[in-house]
Amino acid sequence: MSASDDIWILGISMTKFGKHTDKDTVDLGAEAIQDALADAGVTMRDIGVFAAGSLMTQGGIAQMLQKQVGQTGIPAYNVSNACATGATAQRTAIMAIKAGEADYGLACGVEKLAGAGLLAGANRSADNPTWTPKGRFGAVAAVDGRIGTETMPGVFAQIGMEYLHEHPYDGTPFELFAKISEKNHSHSTLNPRAAYTKAMSLEQIMGDVMIAYPNTRPMCSANCDGAAAAVVVNGATLKTLSLEQQRRAVKVSASILTSDPYEEACQVLPNVNTLTRNAAQQAYEQAGVGPGDLDLVELHDCFATAELVHYDNLMLCEPGGAVDFFNSGATWRTGSTPVNVSGGLQSKGHPIAATGIANIWEVCQHLRGEGGPRQIEGAKLGLAHVIGLGSACGVHVLEKAAA
Amino acid sequence: MTDTQSPAQIPFVDYLVLDDGDPHLVANECTGCGARFFDRRNACAGCFGTEFGSVDVATEGVLRSYTIVSFAAPGVDVPFVAGVVDCDGTSVRGNVVGCPPDPDHIKLGMPVKLTTFPIGTDEAGTAAINFGFEPA
């Protein structure tokens, strides 16, 4: 790959995640963009392509944000890819730079989600006075709750339990998954930008409100407000910038997006495994690294039950060995492969469209040595992963600048 | 019409068959690769073939995965057990019924079989019949 094909993150930002009652979606996204531009040392005048996403926003969020921070007439892409929206925006900007259509690109993901409650699973309306088959399944009434569940906590609970069926586990699933949540809530105590920063004991987690067994409330991703943005640049342009900009730039060694290939059962219960495994495989090949080289991983723990399967999908452990891998302590911040040192979606929070870039931001903090009290010492290589149900998977492998 | 006629009934979904032997599910099967779908496809998601036939799905299987939903959208009765059943190679989504909704009674890999039950009667007196899986 020639230098001009290299892609670098020049500037990146994440707002505090939580409840921003005094800011609307545009305010939050604009704050992230201004911070990312300042971090990069460039202005909107330099940006040649812009991609943005906000799942809960009607209309073109990219143009709304341009009106708030700078309208220069550049191509603006509004992207929507479920929980992988932020990573998709990031990848859209990267593809434009790789194609040579721009030297600098900007990506932003933003969401106002505080107090949103249960996602998916619509309120059940009253049954019709006369049973009439409707929809693709000819259902005579609402299906959710009558033929399985459409709620996210329930879908991802089944994804975690399925792993324990395929790789039989002697212990109590509830306790195993609660321990994963305990780790992430513990990690978030060191992250001032997390929505929740209090440690939770195993007893507290297991004793909290049950949502969908084995996921209690703190084992579910935290709905909150937040935004993240990143400025990317090609290698040739980076070489013309200051030594300080070059030193802080983070190399995008791999940028991958996959969708779910057809397999038996994938249209019955979403399969988040194969597309993640495919994305990881492609990412490791593109970056020329292996999972054992990673100093930290931010993965899509939208529920405690999801984190377990992704240890295996990202090949952080032996096939089928996710439980032993977790029980070894490997994924705590003191372990061999720290996972979700930010606190993860369960504690840092999950403002949907922001998450893909926020995960990249977290990894960049450590690669730049700017992680503060939660710095993973000497981090040189990290991986950021997100899943959008439906499904889409984004994986970015990030590398510390050599200089 | 006579008073002895059995009350009218309608399947809850169109892939549940009530009037052809024992109640069972049917799927659209790709004649090319055997992939099965519970609703229509323009082409097979696996091999892109466009020929499909109708096949009966096995009524017994094993529980591949489950969750006990305690918190759902307003109007949905909780708790209930949602699961995925491997019916002799065809995965089916459905509720697990006929046993208490707690992890002491629901086990991964447990054998289950299809069962049907009315979910209500409309103004015309027609009963809607749904399916679920009960311990075999």
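Bear in mind that the values in this text are calculations on the coordinates, not laboratory data. Since the model is a prediction, treat every value here as computed from it, not as a measurement. Positions of Cβ are backbone-derived with ideal geometry, glycine not excepted, and every protein chain shown enters the neighbour counts.
Past 18 Å, Cα to Cα: identify those pairs from A:LYS98/A:LYS251; A:LYS67/A:LYS251; A:LYS19/A:LYS179; A:LYS19/A:LYS67, in the order given. Before the final figure, lay out each step's value.
Numbers: A:LYS98/A:LYS251 14 Å; A:LYS67/A:LYS251 30 Å; A:LYS19/A:LYS179 27 Å; A:LYS19/A:LYS67 24 Å.
Among A:LYS98/A:LYS251; A:LYS67/A:LYS251; A:LYS19/A:LYS179; A:LYS19/A:LYS67, the Cα-Cα distance tops 18 Å for A:LYS67/A:LYS251; A:LYS19/A:LYS179; A:LYS19/A:LYS67.
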Problem - Helix axis angle, A:152-166 relative to chain A longest principal axis, alpha carbon, degrees - result: 80 degrees
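Give me the inter-chain shielding for B:102-109: mean count of other chain Cβ atoms within 10 Å, whole number please.
On the way: counts 1, 6, 0, 0, 2, 1, 8, 3.
Mean shielding count: 3.
Of the DSSP beta bridges with both residues in the protein assembly as shown, give the percent that are antiparallel, rounding to the nearest 5.
Numbers: 77 of 94 bridges.
That works out to approximately 80 percent antiparallel.
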Exercise for the section: Any chance you could give the angle, 0 to 90 degrees and rounded to 10, that helix A:304-313 forms with the longest Cα principal axis of chain A? Expected result: 60 degrees
Fill in the blank from the handout: Straight-line reach check, A:LYS134, cutoff 27 Å on alpha carbons, 8 or more apart in-chain or any other chain, hits among lysines -> B:LYS113
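Neighbouring Cβ atoms within 10 Å as the yardstick, rank A:THR305, B:THR90, A:THR21, B:THR50 fewest first. If you can, show how the numbers build up before the last one.
Details: A:THR305 31, B:THR90 22, A:THR21 8, B:THR50 12.
The most exposed by this proxy come first: A:THR21, B:THR50, B:THR90, A:THR305.
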Practice task
Sort A:GLU307, A:GLU111 so that the residue with the fewest other Cβ atoms within 10 Å of its own Cβ comes first and the one with the most comes last.
Solution key: A:GLU307, A:GLU111
